[in-house]
Amino acid sequence: MIEFEVLGKKDTRSGFGEGLSELGKKNNQVVALCADLTGSLKMDAFQKENPERFFQVGIAEANMIGLAAGMAVGGKIPYTGTFANFSTGRVYDQIRQSVAYSNKNVKICASHAGLTLGEDGATHQILEDIGMMKMLPNMTVIVPADFNQTKQATIAIAEHVGPVYLRFGRPSVPIFVKEDAKFVIGKADKLINGTDVTIVACGHLVWKAIEAAKELEAQGISAEVINMHTIKPFDENAVLDSVAKTRCVVTAEEHMLNGGLGDSVAQLLSRNNPLPQEYIGVNDKFGESGTPDELMKKYGLESENIVEAAKKVIQRKS
Amino acid sequence: MENQQLEKIASQVRRDIVRMVAGVNSGHPGGSLGCADFLTVLYFDVMNHDSSKFSMEGKGEDVFYLSNGHISPVWYSVLARSGYFPVNELGTFRKLSSRLQGHPSTDKKLPGVRMASGSLGQGLSNAIGTAQTKKLNGDKSIVYSLHGDGELQEGQIWEAAMYGAAHKVDNVIATIDYNGRQIDGDVEDVISLGDLSLKWQAFGWEVYNMDGHNMQSLKETLAAAKGNVGNDKPKVIIMKTEMGQGVDFMMGTHKWHGVAPNPDQLASALGQLEETLGDY
């Protein structure tokens, strides 16, 4: 019987805010920049506690990325904060040249990623950011699953020298990562052991994968669940070891299929151990206005979709 | 350093530029020649720096960013001539596996370069960021940057300008290579910059003007700007230059922005530029 203790319910952006505040107290090299979204990013605590290390940039994201790269010269560890859309698509060239190619120690922290931003609609619901960021050499890409993990990741990335993209979101989601867990970049968390199918998920889809595994268990199917919180560097062994046992995989993400977590898994399998794969994600469509729950349902990102995909992929096993 | 001595170095830098560009039949000689005097004065007379102890961090020394990265030949020559790397390495410019990439980069670890540039409009943000880090570190050094006039058409420059004044980043000295020309023609015809001085003043910057081919003007203006660090205002110098300066057939036109001279043209150019420090 799969048992998962729920430790509460919070938004992952608040995990970022708490992590940044805690980090600010113990590492005085950390500086933060924000483009007029301090409250939305939950950066107010850091701002209040470290006014001399907080830089309000205004609505000028390109300048924010360039400033952050410049601040890294001289030893500071800049954390930039804005919505995921404005953290990536709007400033791709600035990130490419000043941060990734120049290999600067900048942490690009992106909230309100994906459909769960909700009512604001497709202009703000970026579903391409993981792809854009993982394509950049030197860039580390992290998509934590809940409040605790986002907080832990926020603190952990300060110890990693180099560019990082940290993606989180707006809605309240169940907390299941232990408060004292250690976040290791590039080391996936195996949450549930199983033998019939592997489910690899990231971000908000990890909890839905856990729920799917419970439902599959009730139907007599044993699912293994992996929280792939780091998209790059990719924990290849975690996936290869699991599929060696289960012989099939479902990937689940709040992102476009093109360029996402599923793509990373498919590339790994095609090179090492070609096996059936089913994808949960958004397939070449923009989002739209609606509540987060309505959108996740309409776009097929619910636990029942994962259950269906798991059954389908098991059928495809030879 | 004496003006005459600076002029001799600049002459050698100009020889390096045309030889580097001709050597690979590509690159940007026009703007490079136009900024040879400025970068010579900056590196040999104005900046506090130590080429024997280059560090990416640049703590305790002045830092320079080349925002208009396409004029890399002039920067590479000045860096080599001031001791950052062997002068002979100039011969590898734009060649496979060279540290001297077409546009400046950090990934091959060329001493002297702290930021990639080439995609325009980013260097002012970089410079202001480093200037703020220097303030946080209690480092009294200055951050210099160079920008093309055509580059000012990029919106990010004005985002950075607004920010620099709002945050009182007074330890940054930006210079504009005001040669009035860009790839498609005269800046005035492509997209007019209007009254550039008034624009910077309106953005809250302290504006200076200097003659980019007069060593005394360069020295005095840079000294004046340096002297005002601490007055809460970022500084910009509008530097009047001639694209292609020093090579008669490259002057008075935008055509040599990104074109290399052929062997005959190279010979003609070298005939106009005294070899003072020995060619690489």
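Each value in this text was obtained by applying a stated rule to the coordinates, not by laboratory testing. Not measured: the values here are computed from a predicted model. All Cβ positions, glycine included, derive from the backbone under ideal geometry; neighbour counts span all protein chains shown.
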Query raised in the report: Roughly speaking, what is the centre-to-centre gap between segment B:6-61 and segment B:225-280 when only Cα atoms are used, to the nearest Å?
Result: 10 Å
Requested in this report: Provide, for q = 0.06, 0.08, 0.10 Å⁻¹, the log10 of I(q)/I(0) from a solvent-free Debye sum over equal Cα point scatterers in the protein assembly as shown.
Outcome: -0.37, -0.61, -0.86
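Reported to two decimal places, what Rg/Rh ratio describes chain B when computed on Cα atoms with Rh from the Kirkwood expression?
Numbers: Rg = 17.5 Å, Rh = 18.6 Å.
Value, to two decimals: 0.94.
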Requested in this report: Would you list the P(r) distribution for segment B:172-245, with all Cα-Cα distances sorted into 10 Å bins from 0 and each bin expressed as a whole %?
Outcome: 19, 46, 29, 6
Query raised in the report: Of all the C-alpha pairs in segment B:65-181, what % are more than 25 Å from each other?
Result: 27 percent
Report summary line: Calculated from DSSP helices alone, with each H run of at least 4 adding -39500 (n - 2.57) and the total divided by the residues of chain B, [θ]222 nm to the nearest 500 comes to -11000 deg cm²/dmol
**Report entry** If the convex hull is drawn through the Cα atoms of segment B:1-105, its volume per residue in Å³
**Finding:** 96 Å³
Report summary line: Ranked on Cβ counts within 10 Å of their own Cβ, fewest leading, B:Asp177, B:Asp50 go B:Asp50, B:Asp177
Query raised in the report: So for segment B:1-43, Kirkwood radius off the Cα pairs, Stokes-Einstein at 4 °C and 1.567 mPa s: how many µm² s⁻¹?
Result: 122 µm²/s
Query raised in the report: Taking the Cβ-Cβ separation of A:Lys178 and A:Glu22 as r and a Förster radius of 22 Å, what is the calculated FRET efficiency to the nearest 0.05?
Result: 0.85
Report task. Quick one: grab Rg to one decimal and Dmax as a whole number for segment B:138-279, Cα atoms only, in Å. Result -> 17.4, 53
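Would you kindly calculate the translational diffusion coefficient of segment B:226-280, applying Stokes-Einstein with the Kirkwood radius from alpha carbon pairs, for 20 °C and a viscosity of 1.002 mPa s, and quote it in µm² s⁻¹ without decimals? Walk me through the numbers before you get to the answer.
Working: Rh = 14.4 Å.
Taking Rh from Cα pairs, D becomes 148 µm²/s.
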Report task. Could you work out how far the C-alpha centroid of segment A:164-180 sits from that of segment B:111-177, in angstrom? Result -> 35 Å
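Multiplying the sequence separation of B:Ala267 and B:Glu220 by 0.36 nm and subtracting their Cα-Cα distance, what value in nm do you get?
On the way: separation 47, 0.36 × 47 = 16.92 nm, distance 3.47 nm.
Full-extension gain reported as 13.5 nm.
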Report task. Starting from the amide H of B:Gln182, placed 1.01 Å from N in the peptide plane, find each other amide H under 5 Å away whose residue is 5 or more places distant or on another chain. Result -> B:Val187
**Report entry** Computed helical MRE - 222 nm, chain A, DSSP H runs ≥ 4 contributing -39500 (n - 2.57), nearest 500
**Finding:** -10500 deg cm²/dmol
Query raised in the report: Taking the Cα centre of segment A:189-316 as the origin and placing charges on Cβ (Lys, Arg +1; Asp, Glu -1), which of A:Thr230, A:Leu295, A:Cys248 is farthest toward the positive end of the dipole?
Result: A:Cys248
Query - Kirkwood Rh, Cα atoms: Rg over Rh of segment A:9-174 - result: 0.92
Requested in this report: Taking the dipole about the Cα centre of segment B:121-280, with the C-beta of Lys and Arg at +1 and of Asp and Glu at -1, give me whichever of B:Tyr280, B:Gly164, B:His147 is farthest to the positive side.
Outcome: B:Gly164
Requested in this report: Mind listing the long-range amide H neighbours of A:Ile77? Cut-off is under 5 Å, sequence gap 5 or more, other chains count too, H placed in the peptide plane at 1.01 Å from N.
Outcome: A:Val30, A:Val31
Query raised in the report: For segment A:189-316, what is the convex hull (Cα atoms) projected area averaged across all directions, in square nanometres?
Result: 7.2 nm²
Report summary line: A student asked for the Cα radius of gyration and Dmax of chain A in angstrom ought to give 18.8, 62
Requested in this report: Starting from the Cα gyration tensor of segment B:105-163, multiply each eigenvalue by 5, take the square root, and state the resulting semi-axes largest first in whole Å.
Outcome: 20, 18, 8
Query - Amide H within-cut-off set for A:Ile126, under 5 Å, with H built and near neighbours excluded - result: A:Asn85, A:Gly114
Report summary line: Ranked from fewest to most other Cβ atoms within 10 Å of their own Cβ, A:Met71, B:Met250 fall in the order B:Met250, A:Met71
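Peptides B:115-124, A:111-120: what's the order by average Cβ count within 10 Å, highest mean first? Before the final figure, lay out each step's value.
Details: B:115-124: 25.4, A:111-120: 23.7.
In decreasing order of mean packing, B:115-124, A:111-120 become B:115-124, A:111-120.
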Query raised in the report: Hey, what do the phi angles of segment A:137-151 turn into as Karplus ³J(HN,Hα) couplings, whole Hz, using 6.51/-1.76/1.60 and θ = phi - 60°, x for Gly and Pro?
Result: x, 6, 8, 9, 10, 10, 10, x, 9, 8, 4, 4, 5, 5, 4
Query raised in the report: How large is ³J(HN,Hα), in whole Hz, for each residue of segment B:40-50 in order, when computed from phi with the Karplus curve 6.51 cos²θ - 1.76 cosθ + 1.60 and θ = phi - 60°, using x for Gly and Pro?
Result: 5, 4, 4, 7, 9, 9, 9, 6, 8, 7, 9
**Report entry** Derived scalar couplings ³J(HN,Hα) [segment B:167-179; Karplus, 6.51 cos²θ - 1.76 cosθ + 1.60; whole Hz; x for Gly, Pro]
**Finding:** 9, 6, 7, 8, 9, 10, 10, 8, 10, 9, 7, 8, 9
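For a footprinting-style exposure proxy, rank B:Trp205, A:Trp207 by other Cβ within 10 Å, fewest first. Mind dumping the intermediate values first?
Numbers: B:Trp205 19, A:Trp207 22.
Placing the least packed residue first, the sequence is B:Trp205, A:Trp207.
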Requested in this report: Report the one residue of B:Met239, B:Tyr208, B:Ile71 whose Cα lies farthest in the direction of the positive end of the charge dipole of chain B (charges on C-beta: Lys and Arg +1, Asp and Glu -1; origin at the Cα centre).
Outcome: B:Ile71
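Given the pairs A:Lys10/A:Lys134; A:Lys104/A:Lys232; A:Lys107/B:Lys59, which are separated by over 25 angstrom at their Cα positions?
On the way: A:Lys10/A:Lys134 27 Å; A:Lys104/A:Lys232 17 Å; A:Lys107/B:Lys59 21 Å.
Violating the 25 Å limit, Cα to Cα: A:Lys10/A:Lys134.
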